[in-house]
Amino acid sequence: MEKKEGFIWNTAGSLIYSFFNAIVLMVCTRLNGTEIAGIFSICYATGCILNAIGDLGIRIFQVTDTNRKYKFVDYLYARGFALVVMIIIALVFSIMSGYTKEKFFICIILVLIRVVDNFGETFQAEFQLNGRLDIAGKALLYRNVLEIMFFAIVDIITHSIYISFIAMLVISIIILIIYDIRLIKKQYKTLGIFNFDKIKEILKECIPLGLSTLISMYVINAVKYAIDIFGDNTMQTYFNVLYMPTFVINLVSILIMKPLLKPFGEYWNNNEGKKLINTIIKIVLFLIGITVIIEVLALTIGIPILGWLYALDLSEYKLELFLLILSGLFYASSTVIFYALGTIRKQKQTTISYVICAVFASIVSNLLVRNYGIIGSTISSVLIMAILFIILLIFFVISYKREKKCR
């Protein structure tokens with residue numbers, strides 16, 4: 001019953017988390033216009049990229065640490081160090097990018113919201129490792145629901161995106177204090193001593209995984225930055241709205257992968273490699289099936305629904321929508337392989353994969369967006385995600401075979 005409850009709460013939390021950007025963008029577009037919505041979209045993308053620095057792949061490493069090599073306090077301090085670095089880089093990046101005051105403010109607030117959410121991830125990972133995925137799911141659900149609610153309510157009242165994002169940040173901090181921190185104190189009366197060597201070991205182990213996530217987030221958002229350079233905020237809004245259905249595929253991959261992080265670690269640590277491979281294959285095949293269903297729905301009722309939700313005329317963008325959903329399949333499948341590589345502790349291979357793809361993404365997205373506008377952006381998105389999946393898969397197959405021979 002506990003596992004079923006954990007799955008239900010994790011599903012609910014992951015559902016809201018996956019549609020967070022879609023809902024906030026919808027509110028922003030309707031209340032503040034396409035120009036402001038475009039600014040939000042690129043700032044949100046920047047927050048997601050920098051979020052990889054604060055995340056550093058620590059949750060994956062923490063939840064799959066079934067042998068308890070490190071204590072919770074070690075992961076907590078390691079995460080704190082990563083978040084400080086994240087804030088510093090965010091400030092430097094925003095200043096060097098020459099953002100307007102409006103854009104700078106939105107970017108920094110969104111980054112700070114990510115910082116709080118990221119810190120909460122350390123607590124959620126510990127709950128999951130202790131067999132309480134339900135608590136982790138509830139934390140994710142409460143935080144995201146309340147953040148969206150407060151943003152929407154304050155924006156409706158004030159019509160100020162600045163005050164609305166501040167309200168979102170405040171509620172995020174409150175949830176962290178009254179829920180995550182309060183519950184973790186029930187499990188650990190004292191956190192333990194500061195162990196610099198252990199923290200350094202975690203950071204050393206996780207940095208390759210974190211770099212991979214950082215580069216992967218650039219890869220995912222490379223097209224948006226190309227639009228920021230060669231397009232305008234209105235094009236940015238249209239691209240992000242058309243991209244929304246892909247979050248359903250990403251949601252499915254998240255719903256499947258989070259509960260399986262611990263079993264993945266157990267399969268590998270218990271020399272049950274065949275179970276790991278079979279599970280990966282089943283997940284990818286399931287994602288393909290989901291994608292086919294979403295493509296059919298998107299091409300029949302997707303355009304009218306999206307147009308109504310965001311108050312935009314999208315009737316001319318059926319091909320773009322089809323291509324972006326296809327790119328979502330490749331991205332979700334890449335995420336599965338990414339987690340698999342992290343499980344067998346091949347973080348360096350993921351870094352190499354994303355570096356190669358980042359170079360490809362930078363060239364292709366800039367070239368196609370500059371010459372072909374929004375259709376170029378969707379074509380480049382498919383190409384980038386397909387190349388990423390192929391490279392990661394090749395590295396996983398090679399690494400898995402080598403590791404099996406050594407065991």
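Structure values in brief
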read-out	value
Relative contact order for the stretch 2-406, counting Cα pairs under 8 Å that sit 6 or more residues apart, in percent	23 percent
Helical segments meeting 20 Å axial Cα length and Kyte-Doolittle 0.5 threshold in the chain (DSSP H)	20-55, 72-96, 101-129, 133-158, 161-175, 196-230, 246-269, 273-297, 318-343, 347-406
Lys, Arg +1 and Asp, Glu -1 on Cβ, resulting dipole of the chain about Cα centre, debye, nearest 20	1680 debye
Sorted by Cβ density within 10 Å, fewest first, the residues Met385, Met235, Met149	Met149, Met235, Met385
Helix-only mean residue ellipticity at 222 nm for the chain, each DSSP H run of n ≥ 4 adding -39500 (n - 2.57), per residue, nearest 500	-30000 deg cm²/dmol
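Each reported figure results from applying straightforward, stated rules to the coordinates on display, with no laboratory input. Everything numeric in this text was worked out from a predicted model, so none of it was measured. A quick note on method: Cβ atoms are made from the backbone with ideal geometry, for glycine too, and the neighbour counts reach across all protein chains shown.
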